[in-house]
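Trainee: Can you read through this structure? Questions will come right after.
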Ligand SMILES: Cc1ncc(COP(=O)(O)O)c(C=O)c1O
């Protein structure tokens, strides 16, 4: 099946009673235990609504199994802790989503885990590995600098050294990139973003082998970040249009990136689809499309005033919705990082991260143009 078809059909629970084409919402958090081989505990990660989503993300990511969580951070932290424990080392990119970074800096010590932060080059990641390293955590493209990691190189090295690899595929989505096909063990998502796609829910997802999922599930059941059935239904409904939305948004992003690159008032555009961008050659190999996220810096203009002047594009934390949104990572996703650390990894105060929506591209460009003119 092609992705569009899988997004619509995979995982759907066929309701025999009504013959309905959608998975019904199963609400019971209490069920009969009498005369059952196995006692059901239908709350944590095993409801019919959760199961439908697990199957859908597994199909889209080309994985054996999938699991839905109540947040992206729930999916990420549970997956890391399932494979790294006391005395182990985790190698992680230094320029990735701020929440993942702060989980490592604030909490790994508590669990007796050490973390080595590296740059996004494959050689930097490989050189950071020691015999204590149990997990490598990457993101590609990264949040917010859109750096592209050579996924296959990392996967091959990790397999040879029996290290579990985790990639955050939130920015690319399975529409544009399927890391499991490149040898990565575990894909994690903030489903709050493109999988949900309408800026109205918080959820996370994992896709991996059956064996790895069993371990993640074991830990997930005691940590408990399980998604309720009503939100599962919304997510399942949203994922049916994932391909349509992401393809349109990706197309818009390419045009906006080229538009920004040609403006005198823009000093730098970070977008893997641009030939001028550092990660472009690797992105061309491992991505089907270059995604709908981009970042940029203004030349001689106040970025705060610029975003204030926008009418259509809204300032907002989060990303991946149908509506175009813009934010300053220094004030939002990376606010917990010290200014020095942010500057070291290249996240300047003036950097703007743009989540390109599905509006008509002419309207988005017109809004950017008027916003720049006013400042
Ligand atoms: C790349 C990435 N991963 C993970 C997360 C965390 O996801 P959630 O907000 O669903 O916990 C985010 C949130 O912004 C993100 O951008």
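Trainee: Have a look at 244, 263, 274, 227 and point out the one that is in a helix (DSSP H, G or I) and either away from the ligand (no atom under 15 Å from the Cβ) or closer than 15 Å to residue 53 by Cα (or both).
Mentor: When all the criteria are applied, what remains is 244.
Trainee: Being away from the ligand (no atom under 16 Å from the Cβ), touching a strand residue (DSSP E or B) at 6+ places or on another chain (Cβ under 8 Å) and within 15 Å of residue 167 (Cβ to Cβ) is the filter here, so list the residues in segment 100-122 that pass it.
Mentor: Passing the criteria: only 118.
Trainee: In segment 329-365, which residues are free of Cβ contacts under 8 Å to residues at least 60 places away in the same chain, within 16 Å of the ligand (Cβ to nearest atom) and over 19 Å from residue 317 (Cα atoms)?
Mentor: Listed by number, the list is empty, since nothing qualifies.
Trainee: Working only within segment 58-99, note down all residues that are at pLDDT 95 or above, part of a helix (DSSP H, G or I) and within 14 Å of the ligand (Cβ to nearest atom).
Mentor: Matches in segment 58-99: 72, 73, 74, 75, 76, 77, 78, 79, 80.
Trainee: Out of 138, 125, report the one residue that is in contact with a strand residue (DSSP E or B) (Cβ under 6 Å, 6 or more places away or on another chain) and under 22 Å from residue 220 (Cα atoms).
Mentor: 138
Trainee: Quick check on segment 329-349. Is at least one of its residues outside any loop (DSSP other than H, G, I, E, B) and touching a helix residue (DSSP H, G or I) at 6+ places or on another chain (Cβ under 6 Å)?
Mentor: No - not one qualifying residue is present in segment 329-349.
Trainee: Here's something else I'd like to know. State yes or no: is residue 28 out of contact with any strand residue (DSSP E or B) (no Cβ under 6 Å at 6 or more places or on another chain), outside the structural domain of residue 332 (by TED's automatic domain parsing), farther than 24 Å from residue 168 by Cβ and surrounded by fewer than 22 Cβ atoms within 10 Å (Cβ to Cβ)?
Mentor: Taking the combined requirement at face value, the residue satisfies it.
Trainee: What do you reckon, is residue 292 closer than 23 Å to residue 173 by Cβ, within 16 Å of the ligand (Cβ to nearest atom) and at pLDDT 95 or above?
Mentor: Yes.
Trainee: Could you please give the count of residues in segment 139-171 that are within 16 Å of the ligand (Cβ to nearest atom), touching a residue at least 40 places away in the same chain (Cβ under 8 Å), in contact with a helix residue (DSSP H, G or I) (Cβ under 6 Å, 6 or more places away or on another chain) and outside any loop (DSSP other than H, G, I, E, B)?
Mentor: Result for segment 139-171: 2.
Trainee: Could you tell me whether segment 17-25 includes any residue that is under 24 Å from residue 229 (Cβ atoms), buried (at least 19 other Cβ atoms within 10 Å of the Cβ) and in the same structural domain as residue 212 (by TED's automatic domain parsing)?
Mentor: yes
Trainee: To continue, here is another question. Would you confirm, using the coordinates I've provided, whether residue 278 is buried (at least 21 other Cβ atoms within 10 Å of the Cβ) and either out of contact with any strand residue (DSSP E or B) (no Cβ under 9 Å at 6 or more places or on another chain) or touching a residue at least 60 places away in the same chain (Cβ under 8 Å) (or both)?
Mentor: Spelling it out, it is not the case that residue 278 is buried (at least 21 other Cβ atoms within 10 Å of the Cβ) and either out of contact with any strand residue (DSSP E or B) (no Cβ under 9 Å at 6 or more places or on another chain) or touching a residue at least 60 places away in the same chain (Cβ under 8 Å) (or both).
Trainee: In addition: Need the failing condition index for residue 232 against (1) within 16 Å of the ligand (Cβ to nearest atom); (2) closer than 28 Å to residue 334 by Cα, just the number.
Mentor: Result: residue 232 passes all but (2).
Trainee: Then there is this: Do we find that residue 213 is over 26 Å from residue 353 (Cβ atoms), out of contact with any helix residue (DSSP H, G or I) (no Cβ under 7 Å at 6 or more places or on another chain) and crowded, with 23+ Cβ neighbours inside 10 Å in this structure?
Mentor: Judged against the criteria, residue 213 is a match.
Trainee: If you don't mind, another one. Where residues in segment 199-224 are assigned to a loop (DSSP other than H, G, I, E, B) and away from the ligand (no atom under 14 Å from the Cβ), which of them is nearest to residue 170 (Cα to Cα)?
Mentor: 209
The values are calculated or read from the model by the stated rules, or taken from the named source; none is laboratory data. Quick caveat: nothing in here was measured; it's all calculated off a predicted structure. Ideal geometry is used to build each Cβ from the backbone, glycine not excepted, and the neighbour counts take in all protein chains shown.
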